[in-house]
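Enquirer: Structure below; questions to follow.
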Amino acid sequence: MRWMEYVEHAPPADLRRHLQCLWILRDDAPDDAIQVIYPDGRCELLAEIGVPLRFHGPDGEIRADQALAFAGQQLGPIRLQATGPVHCIGVRLTAACGGLIAGEYLPALRDRAPDLRTLNAGFAEAFHAAAAACVDAESPEPLWALLRQRCAAFAADALVERAVESLDAADGDLRIAALAKALGCSLRTLQARFLAAVGMTPKEYARVRRLQALLRTLDSERSAIADAAARHGFNDQAHATHDLLRWTGTTPARLVRALRADPDSGNALRLAAAFVRGRHLTP
């Protein structure tokens, strides 16, 4: 029987402004199916302790296998393929702290997952060593210690943090012009600073958060797609279907079957379901 495990660890209190979680994915006997992960509005640091995954880009191109990567903001589904035993450690940054590693290059990294060494070779090697130490110690502490130094020297944009907090609280169902007014800044200022800090526009981020809210509802409840869509601000089921296809690359019916653990939905969405739930996954 195949065995897959996905586990998240919450960061210590002093790192929660910058880091959302550390996650570990293991699959000792993966098949060759292309697994899918959906956009969530967060950038990630990735270290492959096992055999590196292949990244299938939105253009259909297969990127070279790489042991270290920085996953920028994604505007569509991420497609990964295992070529051997998987043991991956990821650190998910908070939305306003994508620049923690990428800095001013963040907006140019949308829909990309470059080798972490091309952004900062010294940090990349330290990150890989800390990830390996986490495996040896069976604890996330080595990575928390490394990232604590990095976070202490990073100044997050407080305006963008407030904007992210408002959009998260509303599950993305908020007009951006009204948000800018509430924050006491112009729409242009909010758009520019948000893009620089988050790596996507406020409108794009709002759509991603609304998507994630819809996915959580479909996963946790037996609501019909139309009812769940109306609850999260979609005009009708057709609009929800359009967004689900764009952001997940699959039909709503197949997506619902996967989230509700229907074995006929296929294995390709098992990883996506694990990321939506944010907890470990077993067959």
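Enquirer: Filter the stretch 175-201 for residues that are out of contact with any Ser or Thr (no Cβ under 8 Å at 6 or more places or on another chain) and aromatic (Phe, Trp, Tyr) and give the result.
Expert: Within the stretch 175-201, none qualify.
Enquirer: Do you know which of the residues in the stretch 178-213 that are at negative phi and not in a helix (DSSP H, G or I) is surrounded by the most Cβ atoms within 10 Å (Cβ to Cβ)? Walk me through it before giving the result.
Expert: To start, the set of residues in the stretch 178-213 that are at negative phi comprises 178-183, 185-198, 200-213.
Within this subset, residues satisfying the condition of being not in a helix (DSSP H, G or I) are 185-186, 200-201.
Values: 185: 16, 186: 12, 200: 25, 201: 18.
The selected residue is 200.
Enquirer: Separate question: For the stretch 219-278, what are the residues that are among the hydroxyl-bearing types (Ser, Thr, Tyr) and modelled with pLDDT of 70 or more?
Expert: Hits for the stretch 219-278 are 220, 223, 241, 248, 250, 251.
Enquirer: Among the candidates 165, 161, single out the residue that is in contact with a helix residue (DSSP H, G or I) (Cβ under 7 Å, 6 or more places away or on another chain) and surrounded by fewer than 19 Cβ atoms within 10 Å (Cβ to Cβ). Walk me through it before giving the result.
Expert: Numbers: 165 fails: in contact with a helix residue (DSSP H, G or I) (Cβ under 7 Å, 6 or more places away or on another chain).
None of the others qualify; the one that does is 161.
Enquirer: Those residues that are touching an Asp or Glu at 6+ places or on another chain (Cβ under 7 Å) and either surrounded by fewer than 23 Cβ atoms within 10 Å (Cβ to Cβ) or outside the structural domain of residue 34 (by TED's automatic domain parsing) (or both), I need them from the stretch 91-103; list them, please.
Expert: Residue satisfying the conditions is 92 alone.
Enquirer: Could you list, in sequence order, all residues of the stretch 129-158 that are under 30 Å from residue 194 (Cβ atoms) and over 22 Å from the mean Cα position of the chain (by Cα)?
Expert: Hits for the stretch 129-158 are 149, 152, 153.
Enquirer: Continuing with the same structure: Going by what's in this entry, would residue 175 be described as surrounded by fewer than 17 Cβ atoms within 10 Å (Cβ to Cβ), without any contact (Cβ under 8 Å) to a residue 40 or more places away in the chain and not assigned by TED's automatic domain parsing to the domain that holds residue 108? Break it down into steps so the answer makes sense when it comes.
Expert: On the way: surrounded by fewer than 17 Cβ atoms within 10 Å (Cβ to Cβ): yes; without any contact (Cβ under 8 Å) to a residue 40 or more places away in the chain: yes; not assigned by TED's automatic domain parsing to the domain that holds residue 108: yes.
Yes.
Enquirer: To continue, here is another question. Those residues that are within 21 Å of residue 209 (Cβ to Cβ), at pLDDT below 85 and assigned to a loop (DSSP other than H, G, I, E, B), I need them from the stretch 77-106; list them, please. Write out each step before concluding.
Expert: Within the stretch 77-106, the subset within 21 Å of residue 209 (Cβ to Cβ) is 77-78, 90-100, 102, 106.
This time we only want the ones that are at pLDDT below 85, so: 77-78.
Across the stretch 77-106, the qualifying residue is only 77.
Enquirer: Quick check on residue 99: is it in contact with a helix residue (DSSP H, G or I) (Cβ under 7 Å, 6 or more places away or on another chain), among the small types (Gly, Ala, Ser) and over 24 Å from residue 248 (Cα atoms)?
Expert: Numbers: in contact with a helix residue (DSSP H, G or I) (Cβ under 7 Å, 6 or more places away or on another chain): yes; among the small types (Gly, Ala, Ser): yes; over 24 Å from residue 248 (Cα atoms): yes.
Spelling it out, residue 99 is indeed in contact with a helix residue (DSSP H, G or I) (Cβ under 7 Å, 6 or more places away or on another chain), among the small types (Gly, Ala, Ser) and over 24 Å from residue 248 (Cα atoms).
Enquirer: In the stretch 90-117, which residues are of a type in the set (A, V, I, L, M, F, W, C), touching a Leu at 6+ places or on another chain (Cβ under 8 Å) and free of Cβ contacts under 8 Å to residues at least 60 places away in the same chain?
Expert: As a first pass, look at the stretch 90-117 and keep what is of a type in the set (A, V, I, L, M, F, W, C): 91, 93, 95-97, 100-102, 106, 108-109, 113, 116.
Adding the requirement that they be touching a Leu at 6+ places or on another chain (Cβ under 8 Å) leaves 91, 93, 97, 100-102, 113, 116.
Once the filter is applied, which keeps residues that are of a type in the set (A, V, I, L, M, F, W, C), touching a Leu at 6+ places or on another chain (Cβ under 8 Å) and free of Cβ contacts under 8 Å to residues at least 60 places away in the same chain, the stretch 90-117 yields only 101.
Enquirer: Output the number of the condition that residue 87 fails; it satisfies all remaining conditions of (1) in the same structural domain as residue 37 (by TED's automatic domain parsing); (2) surrounded by fewer than 19 Cβ atoms within 10 Å (Cβ to Cβ); (3) in contact with a Leu (Cβ under 7 Å, 6 or more places away or on another chain).
Expert: Condition not satisfied by residue 87: (3).
Enquirer: Since residue 120 meets every condition but one in (1) without any contact (Cβ under 8 Å) to a residue 24 or more places away in the chain; (2) touching a Pro at 6+ places or on another chain (Cβ under 8 Å); (3) of a type in the set (S, T, N, Q), which condition does it not meet?
Expert: Checking residue 120 against (1) without any contact (Cβ under 8 Å) to a residue 24 or more places away in the chain; (2) touching a Pro at 6+ places or on another chain (Cβ under 8 Å); (3) of a type in the set (S, T, N, Q), the one that fails is (2).
Enquirer: Take the residues in the stretch 214-234 that are buried (at least 19 other Cβ atoms within 10 Å of the Cβ) and not in a helix (DSSP H, G or I), then tell me which one is farthest from the chain's Cα centre (by Cα). Give the derivation first.
Expert: We begin by selecting, within the stretch 214-234, every residue buried (at least 19 other Cβ atoms within 10 Å of the Cβ); these are 214-215, 218, 225, 228-229, 232, 234.
Add one more test, that the residue is not in a helix (DSSP H, G or I), and what stays is 232, 234.
Details: 232: 20, 234: 22 Å.
The extreme case among them is 234.
The values are calculated or read from the model by the stated rules, or taken from the named source; none is laboratory data. Please read these numbers as outputs of a predicted model, since none were measured by experiment. No Cβ is skipped: glycine too gets one built from the backbone with ideal geometry, and neighbour counts run over all protein chains shown.
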